[in-house]
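Asks: Handing you a structure now.
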Amino acid sequence: MLERLQKILARQGIASRRGAEELILAGKIKVNGRIAKIGEKYDEEEDEIEVDGKKLMKNEKRKMKNNGNSNFVYYLLNKPRGYECSLVARHGDKLAVDLVPKFPRVWTVGRLDKNSRGLLILTNDGKLTEELTHPKFEHEKEYEVLVNKPLTNDFFRRMQKGVALSEGLARADKIRQLGDKKFSLTLHQGWKRQIRRMCESLGYRTIDLVRVRVGKWRLGNLREGKFRKINGCHPEERERRRIS
């Protein structure tokens, strides 16, 4: 069956669909000896797909090798400032994926920009990735933010009412003051550099931004640059638990 290459790579645990696009654009994926291009479709069983020169295992052989067992892994990482959430290093960038075990290969679920730090989930589970990143699931993300000048009541009012960005109206689900220049923010939107841009629109510059929670997972006392294994849970599994 013909499928987009990004979907095949995600199912095989090579990368998320976004990460697969990065690998394709970087020329790291070949199909039948030819460098692949974005948007092309292939048959996982018929075509020879290579990632960095290593051939992917055919789907049926992979199932036999796994013997029906899940090879999914889940890491919670405290990402330091200066690390990129990408699978391809450009211009000597440091990558968040290099802070966790190299095998099995994982990717970052969503992104934290290079100058932000805190909780980042990495996995090779495409279903969980889709659930945590797709807007329809509305998973909360909580941040602690330090800005360059004292906060005002008007700032909090406008953050809750909504700030106009190019994608639409960006609005805080919850916001509370933690200090003269520091606040906690919870939202389910996930636009690029959203919090920094919201603050900039209101005349504030972000000095420090730390993500402390994604859905049910909290950063806790995990040290910066360190990771721990966590338990992943599919939507189907949660539904079975709820019914039972």
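The values are calculated or read from the model by the stated rules, or taken from the named source; none is laboratory data. If you're wondering where the values come from, they're calculated on a predicted model, not measured in any experiment. In this analysis, Cβ positions are derived from the backbone assuming ideal geometry, glycine residues included, and neighbour counts consider all displayed protein chains.
Asks: Give me the pairs: first residue in the stretch 190-203 and over 12 Å from S116 (Cβ atoms), second residue of a type in the set (D, E) and at pLDDT below 95, beta-carbon distance under 9 Å, and six or more apart or on different chains, which are they?
Replies: Close Cβ pairs (under 9 Å, with a partner that is of a type in the set (D, E) and at pLDDT below 95) amount to W191/E167.
Asks: Still on this structure, please answer the following. For residues that are more than 20 Å from the chain's Cα centre (by Cα) and either outside any helix (DSSP H, G or I) or modelled with pLDDT of 95 or more (or both), scanning just the stretch 211-244, find the one that is nearest to N115 (Cα to Cα). Lay out the reasoning, then the answer.
Replies: The initial filter retains those residues of the stretch 211-244 that are more than 20 Å from the chain's Cα centre (by Cα), namely 221, 236-244.
Still in the running and either outside any helix (DSSP H, G or I) or modelled with pLDDT of 95 or more (or both): 221, 244.
Numbers: N221: 20, S244: 44 Å.
My answer is N221.
Asks: Looking at L122, L128, L112 in this structure, which one is part of a loop (DSSP other than H, G, I, E, B) and within 30 Å of E22 (Cβ to Cβ)? Talk me through it step by step, then tell me what you get.
Replies: On the way: L122 fails: part of a loop (DSSP other than H, G, I, E, B); L128 fails: part of a loop (DSSP other than H, G, I, E, B).
Exactly one residue qualifies, and that residue is L112.
Asks: Consider L87 carefully, then state whether it is of a type outside the set (K, R), surrounded by 19 or more Cβ atoms within 10 Å (Cβ to Cβ) and not in a loop (DSSP other than H, G, I, E, B).
Replies: no
Asks: Here is a follow-up. What tally of residues in the stretch 1-26 results from selecting those that are aliphatic (A, V, I, L, M), assigned to a helix (DSSP H, G or I) and touching a helix residue (DSSP H, G or I) at 6+ places or on another chain (Cβ under 6 Å)?
Replies: To start, the set of residues in the stretch 1-26 that are aliphatic (A, V, I, L, M) comprises 1-2, 5, 8-10, 14-15, 20, 23-26.
Next cut, assigned to a helix (DSSP H, G or I) only: 5, 8-10, 20, 23-25.
Those left that are additionally touching a helix residue (DSSP H, G or I) at 6+ places or on another chain (Cβ under 6 Å): 9-10, 20.
Within the stretch 1-26, residues that are aliphatic (A, V, I, L, M), assigned to a helix (DSSP H, G or I) and touching a helix residue (DSSP H, G or I) at 6+ places or on another chain (Cβ under 6 Å) number 3.
Asks: Shifting gears a bit: Quick check: is even one residue across the stretch 141-156 at pLDDT below 95 and surrounded by fewer than 17 Cβ atoms within 10 Å (Cβ to Cβ)?
Replies: no
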